[in-house]
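Below you'll find the structure, written out as structure tokens, and then a few comments.
Throughout, read-outs are computed from the coordinates displayed, never taken from laboratory work. As the structure is a computational prediction, the values presented were derived from the model and not from experiment. Virtual Cβ from ideal backbone geometry, glycine too; neighbours counted across all protein chains shown.
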């Protein structure tokens, strides 16, 4: 699995995002093994795979939260400073919902940049930009609401606005559909399509395989390595599905003990 | 009535006590906002007991106890963070070990130093009527430092408290911010101990901020209204302490809890 996966769109231009040969191992177990792919401006990509397939690990590695054993991540052709162009929306379980942050406060946090500043106060330009971001996700009317009071879909829209406020080119959304009802999921997709049309690169991790074709332009199938990458209605061949969800149980005959062993190391 | 309010201040010690009470009442809820939204109650209680050896050592060596307790408190905070990050033990287990160990050490030091007249009750329950001129100056300096630090790093502390992963991605040193917050908590505890005592510092850290959490929505308002409630509690407690000859810690704590009970009867915070 060392070949690079590319979805082939915009073949002429340079890819905005290049993930190259990324390997992450936890105590000998390879959570990610030589993961490589590229994405261009205006790609809306679903990163799919079973629980424990390494989707969050991939995002953490890309966001600089998880050291990589090998590999590189380039955004805009840079590695060291690529984080300036990358926004991350964590899983909802990682947020402290007891903390009474208002919608406007949360989006304003995206305006800080990476530089440390003492006594930081938002400028008039920051406030204007936050308003623009909140209007893009149709949450400006809720600007004084507190995050804990919002529905799952509204919360995700605020985090998307925060990513916009960072002026990032690449958005990483980890399981943004979880805890969001179907109608709100559709609305989220609509918003993400608008951002895609602006040229953003959007990757969303999801373990939910329903309606993939309606949600994403491209699907990256991940099960510790990249099993397939391309349009949703093309990538799901029986072989890929086996690799994703049934490889060990189905294809390897009499592999009961191996199968179990593999899952245990999997955690 | 007016006499009951003004009479006490013909005495210098009451003026000093009032200054310390106002400072303690105002500063505790500022850090208290973080304590109640980040589940740091147990940590706060442990830190309060953890400064005991520092206070005892200060008394033993003849320094102002506050001067010794400040580095002791910060050292304790760093040690808790260190143990919980380094061992496989849960954080509350690490806190429990240090809590008990430090408090026992403090009691031991005090019991050995029987040549010096120390009222252990004052350390445990607070005696704001007994603060010295030096204590007032140190308390004022510590309060100013706490307010300065909280204001200077407000945005970073808020981001870290709400979304630690998001904060890390934009380049905020999240782990360092956690230590900073514990350090500030240690400063607040040390400056509060003389007024409310080791055992009841927790009341001032948690109760006014919790009351304010019921009444205000935004975090900065929770801090500000909490500070007003805190001052109301400590100053009322001071009067009760003076007129009825009560230890100041219980008087201030029960006043704060009375205000909380009144607020809890009329308001309930809307949650998810």
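For region B:152-212, state the average projected area of the convex hull of the C-alpha atoms over all orientations, rounded to one decimal in nm². Before the final figure, lay out each step's value.
Working: hull surface 19.6 nm².
If you wrap the Cα atoms of region B:152-212 in a convex hull and average its projections, you get 4.9 nm².
What is the pair-distance distribution P(r) of region A:66-178, computed from all Cα-Cα distances in 5 Å bins starting at 0, with each bin given as a whole percent?
Cα pair-distance distribution for region A:66-178, in percent: 2, 11, 20, 22, 20, 13, 7, 4, 1, 0.
Using a 7 Å offset from the Cα along the Cα-to-Cβ direction at both residue A:69 and residue B:11, what is the distance between the two label points in nm, to one decimal?
7.2
Find the Cα radius of gyration of region B:64-137, compare it with 2.2 N^0.38 Å by division, and give the number to two decimals.
Scaled against compact globular proteins, the figure is 1.35.
Below 8 Å, C-alpha to C-alpha, sequence gap of six or more: please give me the relative contact order for chain B in percent. Present the calculation step by step, with values, prior to reporting the outcome.
Values: 417 pairs, mean separation 85.7, N = 272.
Relative contact order of chain B: 31 percent.
Using only Cα atoms, what is the ratio of the radius of gyration of the protein assembly as shown to 2.2 N^0.38 Å?
Dividing the Cα radius of gyration by 2.2 N^0.38 Å gives 1.16.
Would you order A:37, A:29 from fewest to most other beta-carbon atoms within 10 Å of each residue's own beta-carbon? Walk me through the numbers on the way to the answer.
Working: A:37 23, A:29 13.
The order, fewest Cβ neighbours first, is A:29, A:37.
Can you tell me the Rg and the Dmax, both Å, for the Cα atoms in region A:151-225?
Final numbers for Rg and Dmax: 12.1, 34 Å.
Roughly what % of Cα-Cα distances in region B:18-153 sit above 21 Å, to the whole percent?
On the way: 4283 of 9180 pairs.
Result: 47 percent of Cα pairs exceed 21 Å.
In percent, how large is the relative contact order of region B:127-272, given Cα pairs closer than 8 Å and 6 or more residues apart? The partial results should precede the final answer.
Details: 134 pairs, mean separation 35.4, N = 146.
Worked out over region B:127-272, it gives 24 percent.
Rounded to whole Å and ordered largest first, report the semi-axes of the equivalent ellipsoid of chain A derived from its Cα gyration tensor (root of 5λ). Present the calculation step by step, with values, prior to reporting the outcome.
On the way: eigenvalues 215, 80, 70 Å².
Each semi-axis is the square root of five times an eigenvalue, giving 33, 20, 19 Å.
Just want to confirm a number: the relative contact order over region A:17-236, from Cα pairs under 8 angstrom separated by 6+ residues, in percent. Spell out each step's value before the answer.
On the way: 399 pairs, mean separation 68.2, N = 220.
Here the relative contact order equals 31 percent.
With a/c under 1.5 counting as rounded, go ahead and sort region B:169-259 into rounded, prolate or oblate using the C-alpha gyration tensor (a ≥ b ≥ c being the square roots of the eigenvalues; past the cut-off, prolate if a/b is larger than b/c, else oblate).
Working: a/c = 3.52, a/b = 1.69, b/c = 2.08.
Here region B:169-259 falls in the oblate category.
May I ask what percent, to the nearest 5, of DSSP beta bridges between residues of region A:140-241 are antiparallel?
Values: 5 of 10 bridges.
Antiparallel bridges: around 50 percent, rounded to the nearest 5.
Starting from 0.36 nm per residue, how many nanometres of slack lie between residue B:268 and residue B:61 once their C-alpha separation is accounted for? Write out the running numbers ahead of the final one.
Numbers: separation 207, 0.36 × 207 = 74.52 nm, distance 4.88 nm.
Gain on stretching residue B:268 to residue B:61: 69.6 nm.
Taking neighbour Cβ counts within 10 Å as the exposure measure, how do A:225, B:49, B:243 sort from fewest upward? Could the numbers behind the result be given before it?
On the way: A:225 18, B:49 24, B:243 12.
Going from least to most buried by this count: B:243, A:225, B:49.
Dividing the alpha-carbon radius of gyration of chain B by 2.2 N^0.38 Å (N being the number of residues), what value is obtained? Mind dumping the intermediate values first?
Values: Rg = 18.4 Å, N = 272, 2.2 N^0.38 = 18.5 Å.
After normalising by residue count via 2.2 N^0.38 Å, the value is 0.99.
Averaged over A:83-91, how many beta carbons belonging to a partner chain fall within 10 Å of each residue's beta carbon? Mind showing how you got there, number by number?
Working: counts 3, 2, 0, 2, 3, 6, 4, 6, 1.
For this peptide, the per-residue mean of nearby foreign Cβ atoms is 3.
Ranking B:268, A:215 by Cβ neighbours within 10 Å, fewest first, what do you get?
Numbers: B:268 9, A:215 21.
Going from sparsest to densest Cβ surroundings: B:268, A:215.
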